[in-house]
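This report concerns only the one structure given below.
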Amino acid sequence: MNVFYNREGVGDVLLVSLKPIPQDQRAFEKKGDVVRIFDEKTGETVGYNIFQASTYHHFDGNGLLELNESLVSAINDILQKNGWNETIEADLSPKFVVGYVKEKKKHPNADKLSVCQVDVGTEVLQIVCGAPNVEAGQKVVVAKIGAVMPSGLVIQEAELRGVPSYGMICSARELELPNAPQEKGILVLSDEYEVGQPFTW
């Protein structure tokens, strides 16, 4: 789940994204100030647009908002006030974490891709990586499913040349770190970082 608020750019609208789906599968239903966005085929709710948002709650920030229990509670309160019986739940765990590359294998169908097994503390994720410098034994920055990159890209479960991938190993440039090198390659962290700890910048 990701929540966006940009009063100057979009107006007084809170955008709640639960699951990305193609534009042509989206359908809409409105009650009060809330538009429910759902999958036309399955009926599954994939998001909400909440209009006149500031009349219900003060939202701090401009762009992607930090998820916390208070924000989730405020959104559920707005849904209820507008006649929706659904409640949303959010995974509040950090989406950018330190990972450890346990294993790297050549992709079976692509010369420039590697299939990595990456320990992120709570689980081991399979991530397909195109960086030329990725190697087993490295500590790296992992963007987990649901992470929003500085570019606005939302990390999703993907399949790259037939191999499932559950996250992204990040470069300094993708994280928009100051003085990031422009050549292709992931950011390799020093040993002082702990596997599973949130990565902040």
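The values are calculated or read from the model by the stated rules, or taken from the named source; none is laboratory data. Model, not experiment: these values are computed from the prediction. Using ideal geometry, Cβ is built from the backbone for each residue, glycine included, and neighbour counts are taken over all protein chains shown. Side chains are part of the model used for accessible areas, which takes the heavy atoms of the whole protein and leaves out ligands, DNA and RNA. Shrake-Rupley method; radii C 1.70, N 1.55, O 1.52, S 1.80 Å.
With a 1.4 Å probe and every protein chain kept in, tell me what percent of the accessible surface of the chain is carbon plus sulfur. Before the final figure, lay out each step's value.
Numbers: 5320 of 11390 Å².
In the chain, the share of accessible area belonging to carbon and sulfur is 47 percent.
Consider all pairwise Cα distances in the stretch 120-201 and report the whole-number % of them above 20 Å. Mind dumping the intermediate values first?
Numbers: 1040 of 3321 pairs.
Distances greater than 20 Å cover 31 percent of the Cα pairs.
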Just the Cα atoms of the stretch 1-46: what Rg and Dmax do they give in Å?
11.4, 34
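Once the piece of chain linking Gln80 and Ala27 is laid out straight, how much longer is it, given 0.36 nm per residue of separation minus the C-alpha distance between them? Present the calculation step by step, with values, prior to reporting the outcome.
Details: separation 53, 0.36 × 53 = 19.08 nm, distance 2.06 nm.
Additional length available on full extension: 17.0 nm.
Given R₀ = 30 Å, FRET efficiency for Glu157-Trp201 by Cβ-Cβ distance, to 0.05?
Values: r = 24 Å, r/R0 = 0.81.
After rounding to 0.05, the efficiency reads 0.80.
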Find which of Gly99, Ile21, Thr200 sits farthest along the positive direction of the dipole of the chain, computed with +1 on the beta-carbon of Lys and Arg, -1 on that of Asp and Glu, about the Cα centre.
Ile21
Please state the charge dipole magnitude for the stretch 15-55, taken about the Cα centre, from unit charges on C-beta atoms (+1 on K and R, -1 on D and E), reported in debye and rounded to the nearest 20.
80 debye
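Are there trypsin sites (Lys or Arg not before Pro) in the stretch 23-63 that DSSP marks as loop and that have at most 12 other Cβ atoms within 10 Å, and which are they? It would help to have the intermediate numbers written out before the result.
Numbers: sites: Arg26, Lys30, Lys31, Arg36, Lys41; in loops: Lys41.
Passing sites in the stretch 23-63 are Lys41.
Fully extended, how many nm does the chain gain between Lys105 and Asp12 (0.36 nm per residue separation, minus their Cα-Cα distance)? Walk me through the numbers on the way to the answer.
Numbers: separation 93, 0.36 × 93 = 33.48 nm, distance 4.79 nm.
Separation in residues times 0.36 nm, less the Cα-Cα distance, equals 28.7 nm.
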Calculated P(r) tail over 25 Å for the chain, as whole % of Cα pairs
45 percent
Value of relative contact order over the stretch 15-72, rounded to a whole percent, pairs C-alpha under 8 Å and six or more apart
29 percent
In terms of the alpha carbon gyration tensor, root eigenvalues a ≥ b ≥ c, rounded if a/c is under 1.5 and otherwise prolate when a/b exceeds b/c or oblate, the stretch 96-167 is oblate
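For the stretch 148-193, report the accessible area per residue in Å² (1.4 Å probe, heavy atoms, rounded to an integer). Let's see the in-between values first.
On the way: 2920 Å² over 46 residues.
Accessible area per residue, the stretch 148-193: 64 Å².
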Under a 1.4 Å probe, what is the accessible area of the stretch 1-59 per residue, stated in Å²?
56 Å²
Point-to-point label distance, Ala180-Asp91, nm (Cα→Cβ direction, 7 Å offset):
2.2 nm
For the stretch 70-115, what is Rg from Cα atoms divided by 2.2 N^0.38 Å, rounded to two decimals?
2.18
Count of lysine pairs in the stretch 1-140 with Cα separation under 28 Å (8 or more residues apart, or interchain)
22
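Can you give the Rg to Rh ratio for the stretch 1-81, taking only C-alpha atoms and Rh from Kirkwood?
Working: Rg = 12.4 Å, Rh = 13.0 Å.
Reported Rg/Rh, Kirkwood definition of Rh: 0.95.
At a threshold of 8 angstrom on Cα-Cα distance, excluding pairs fewer than six apart, so keeping six or more, what relative contact order does the chain reach in percent? Before the final figure, lay out each step's value.
Working: 397 pairs, mean separation 32.3, N = 201.
Answer for the chain is 16 percent.
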Measure off 7 Å from each Cα along the Cα-to-Cβ vector at Glu194 and Glu44, then give the distance between these two points in nanometres to one decimal.
3.5 nm
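Would you mind calculating the gained length between Glu123 and Thr55 on full extension (0.36 nm times residue separation, minus the Cα-Cα distance), in nm to one decimal? Present the calculation step by step, with values, prior to reporting the outcome.
Numbers: separation 68, 0.36 × 68 = 24.48 nm, distance 4.08 nm.
Answer, rounded to one decimal: 20.4 nm.
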Please give the helix 69-81 orientation as an angle from the longest Cα principal axis of the chain, in degrees from 0 to 90, rounded to the nearest 10.
30 degrees
